[in-house]
Amino acid sequence: MATIPTSAAVSHVGKVRASNQDSGYLGRHLFIVADGMGGHAGGDVASHIAAQRIAEADHPYATPDDAVAALHEALISANGLLAETVFDHNELTGMGTTVSAIARVGDSFALAHIGDSRVYRFRAGELTQMTTDHTFVQRLVESGRITPEEAAVHPRRAVLMRVLGDVDASPEIDTAVLDVKPGDRWLLCSDGLSGYVTEDKITQVLGTIRTAQGAADRLVKESLDHGAPDNVTVLLIDIDDSEGASGSAPIFVGSAAHPLTFGQEEEVRRPIRLPTLLLHPLKAAPPEDAHFEPESESYLDELIEEDRRRAIRRRVLWGVGVGLAAAAIVLAGWLGYRWTQMHYFVGVSDGNVAIFQGVQQSIGPISLSSVYQTTAIAVDDLPAYQRDAVEATISADSLKQALNIVDRLSAAAGN
Ligand code: CA
C-alpha cells in the first residue's frame, strides 16, 4: 500500500552563524538532512555536495533492502566525492558532514545515517529517536560513564566520532529498515534543533500543529526562541493512507539550495585561516562552534582523559562543598552553644536551690544547661511564692544577677 507523505522542509541560518552549513532534501521518495562542518570554510560545501549526490538516489525501490543498499552506496559515493574535492581544494581539508537519510518503500523507510543529525518517529503521541548519535558523549553514555542528562550539557557534546569527509575512505554507516504507519509523523533534523529544543517541546509541537509546514515552521521558531546559536534544519513527513506517489516537486533547502561557490569564497576567507587550522583544522576549531572528527585513537584517548579529569574535578568540588557545608553547620552549632552558656538561671537540684549555666531548653536528648553551683538553701524552707518561682526556674542575664537572686532567696528562707 503506497501512501502520500505530506511534507515540509525548513532550513535557517540561526541567529549567530554567518552561513548556513546545513543542507536538506525533500524528495519524492527520499528525505535527507546533512549538517556540514569544517571551521571557516567547508561545512557548507560538504553538506551541499553530500545532499546533492545522495539525492540522486531518489527513485522508487522494489524492496526496503534494495533502498538500504542504494542509500549506503550513495553515502559512500558522497564520501569519495568529498575526499576528491579536498584533494582539489586543499584549503577544505577536514571538512565533513553528517547525513541522515530515509527512503520510502511501501510500509517501510530505509535508513542510512552517520553523525549526530536525527530521525524521529512521532507515533500515537510518542516521540522516538530512531538514530544513534555518533558523538563522543554518546559513547560515554553507552559505556555508563555519564548520564544522558550530563551528555546534553557536556562541553564536548559537539565532538563527532563519525562523519562523511576526507578522513576515512570507508566510514561506518548505520542502516536499518523501519516500519511506517498511517498517522506517523517523521522528523529529520540537524542538532540546531535537537541540541536546543527539548524532546518534550518537540512532542508538544508535533502533537498540536496539524499541518507539516506549520509544525516545521514552529519547530524552527522554537530553536530561534532559544537563541539559535547553530544552523537549524527540519524536515517533517506526515504519513497518510491515500494511494499514489507524491506529486510535489523535490526541493533542496540550506546550503544545497544555492550554487556551490567555495572557490570564490575561499579567496576571501584564506587570510583569516591560521597555520594550525591547516595542520589540524578540526582540532583547532573551538569546541562549541564546530564538529570534530578524531584523526587518531590518541585523540580519543585525550578526550577520555580530559573527561576523566573533569569527573575528578567535579568530585573534588563536590567534596569541598559538602565539607564547607558541614563545617558551617558545626560552627553555627558551636556559636549557638556558646551563646547559651553565657546565660544562667536559678532552679532546683536535689531539693536545694542551685545556679544553672545555660538555658532551660534542650535539643532532643541534649541538655543545654548544667549545674554551676548548688546552695545550702532547701527548697522546702522557702515561702510558697518563692518556692513556686524557683521550681519554675528564674532566669538571670549574668552570673552576678543569679548570685543576687540566691542571696534574696537565702534571706527569704531565713538563713
Ligand atoms: Ca549543527
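Computed from the coordinates by the stated procedures, all read-outs in this text should not be read as laboratory data. As the structure is a prediction and not an experimental result, all values here were calculated from the model. Note: ideal-geometry Cβ built from the backbone for every residue, glycine included; neighbour counts use all protein chains shown.
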Select from the chain the helices, each a whole stretch of DSSP H, whose alpha-carbon atoms run 24 Å or more along the helix axis and whose Kyte-Doolittle mean is at least 0.0; answer none if there are none. 64-88, 297-340
Taking +1 at the Cβ of each Lys and Arg and -1 at the Cβ of each Asp and Glu, which of Gly214, Tyr61, Asn90 sits farthest along the dipole of the chain towards its positive end, judged by Cα position relative to the Cα centre? Gly214
So the number of lysine pairs in the chain with alpha-carbon atoms under 26 angstrom apart, 8 or more residues apart or on different chains, is 5
Which of Ile202, Ile394, Ile102 moves the most in a Gaussian network model of the chain with Cα springs under 10 Å? Ile394
Compactness relative to 2.2 N^0.38 Å, alpha carbon Rg of the chain: 1.68
Å³ per residue of the Cα convex hull, for segment 344-412? 77
In nanometres, what is the gap between the two model label sites at Glu56 and Arg313, each 7 Å from Cα along Cα-to-Cβ? 4.7
Area projected by the alpha carbon convex hull of segment 104-234, averaged over all directions, nm²: 9.1
Note down the magnitude of the dipole of segment 344-412 about its Cα centre, charges +1 on Lys and Arg C-beta and -1 on Asp and Glu C-beta and zero elsewhere, to the nearest 20 debye. 180
Evaluate the distance, in nm, between pseudo-label points positioned 7 Å from the Cα of Thr147 and of Ala169 along their respective Cα→Cβ axes. 4.5
Let me check against my output: what whole-number percent is the relative contact order of the chain, with C-alpha pairs under 8 Å and at least 6 apart? 19
May I ask for the longest run of the chain untouched by GluC sites (Glu not before Pro) that are loop-located per DSSP and have at most 16 neighbouring C-beta atoms (other than their own) within 10 Å? 296-415
